Amino acid sequence: MGIFIVLEGIDGAGKSTQAKMLAEWFEKRGYEVVLTKEPTDTAFGKLIRRLVLTGGREGIIDGARISHEAEALLFAADRAEHVDKLIRPSLEAGKVVISDRYFYSSLAYQWARGLDLEWLIDLNRFAIRPDLAVLLDLPVKESMRRINRRSLKSEFDKIVELQRRVRENYLKLVEMFPEMRIVNAQNSIEDIHNDIVGLIEEEILKKT
Ligand SMILES: Nc1ncnc2c1ncn2[C@@H]1O[C@H](COP(=O)(O)OP(=O)(O)OP(=O)(O)O)[C@@H](O)[C@H]1O
Ligand SMILES: Cc1cn([C@H]2C[C@H](O)[C@@H](COP(=O)(O)O)O2)c(=O)[nH]c1=O
């Protein structure tokens with residue numbers, strides 16, 4: 001079996017930056033790496049971007065956005081395909097899989113939207129557990145500065161409030177899932193990379 005690593009965190013925490021650096025780190029050491037993300041680039045992922053994420057009108061029926069339950073089901077369907085078509089086969093072929101977001105995102109975000117955590121955990125039970133899930137933890141103020149999100153004040157306040165709840169949820173998930181570890185994402189890009197590599201050496205490579 002290969003090695004499965006997940007990077008998680010609020011929007012703008014630095015996941016994609018670290019995922020790329022980590023992929024290069026493994027490649028330099030001779031590993032075959034699959035760098036992937038959720039939502040995926042498949043038809044399911046594109047549907048999510050159209051209906052849920054882009055703020056476009058397609059996800060709005062009679063003036064109301066699609067329900068949070070429908071959102072959770074779409075993310076889970078995308079993930080089921082991701083696991084079945086890419087993650088499981090890659091791990092069986094002995095590769096390193098690095099995923100920028102995974103089912104912890106559904107737990108943190110859809111829970112923050114008011115859905116029941118146990119229902120979300122059940123819905124995602126099919127998802128293979130990674131060897132390590134790194135939570136890049138960052139205060140919301142700093143993440144908003146990094147991604148420089150521009151919107152109306154009332155809209156901005158709602159986004160900040162949601163991200164605060166998501167961050168709190170992630171910190172609660174760390175207590176529930178033993179494969180999760182926290183890395184301080186306020187540090188420099190290089191220091192964060194070194195912290196993640198340190199965790200991988202300690203938690204995975206030393207044990208194989
Ligand atoms: N440690 C860091 N210090 C300062 N800036 C950073 C750091 N890490 C990443 N950034 C910058 O912050 C921005 C967001 O980073 P990145 O795209 O990696 O985050 P992300 O978690 O993948 O975001 P999203 O969830 O919105 O896709 C980028 O401009 C990136 O260059
Ligand atoms: C997988 C997943 C994602 N989300 C949310 C989290 C982010 O706000 C977006 C994805 O944006 P990114 O820039 O591509 O990281 O989707 C979610 O709510 N639930 C999920 O399961």
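The values are calculated or read from the model by the stated rules, or taken from the named source; none is laboratory data. Please read all numbers here as calculations on a predicted model, not as lab measurements. Here the Cβ positions follow ideal geometry from the backbone for every residue, glycine too, while neighbour counts run over all protein chains shown. We work out accessible area using only protein heavy atoms, side chains counted, and drop any ligands, DNA or RNA first. Shrake-Rupley method; radii C 1.70, N 1.55, O 1.52, S 1.80 Å.
What to note about this one:
- Exclusive hit being without any contact (Cβ under 8 Å) to a residue 24 or more places away in the chain and within 13 Å of ligand 2 (Cβ to nearest atom), set Thr17, Thr54: Thr54
- The set of residues from segment 121-148 being in a helix (DSSP H, G or I) and either within 21 Å of Ile182 (Cβ to Cβ) or within 16 Å of ligand 1 (Cβ to nearest atom) (or both) comprises Ile121, Val140, Lys141, Glu142, Ser143, Met144, Arg145, Arg146, Ile147.
- Considering segment 172-201, the residues that are of a type in the set (Gly, Ala, Ser) and not in a helix (DSSP H, G or I) include one that is farthest from ligand 2 (Cβ to nearest atom), namely Ser188.
- Checking Asn148, Asn169, Asn124 one by one, the residue that is within 16 Å of ligand 2 (Cβ to nearest atom) and open to solvent by 50 Å² or more (accessible area, probe 1.4 Å) is Asn148 and no other.
- Restricting segment 1-17 to residues that are within 28 Å of Asn169 (Cα to Cα) and over 12 Å from the mean Cα position of the chain (by Cα), the residue that is surrounded by the fewest Cβ atoms within 10 Å (Cβ to Cβ): Thr17
- A count restricted to segment 99-120 and to residues that are of a type outside the set (Ser, Thr, Tyr), open to solvent by less than 30 Å² (accessible area, probe 1.4 Å) and free of Cβ contacts under 8 Å to residues at least 40 places away in the same chain stands at 2.
- Failed item in (1) on the phi > 0 side of the Ramachandran plot; (2) open to solvent by 40 Å² or more (accessible area, probe 1.4 Å), with Lys28 passing the rest: (1)
- The single condition among (1) part of a helix (DSSP H, G or I); (2) touching a Phe, Trp or Tyr at 6+ places or on another chain (Cβ under 7 Å) that Val97 does not meet is (1).
- Scanning segment 191-208 for residues that are at pLDDT 95 or above and over 18 Å from Ile98 (Cα atoms) turns up just one, Asp191.
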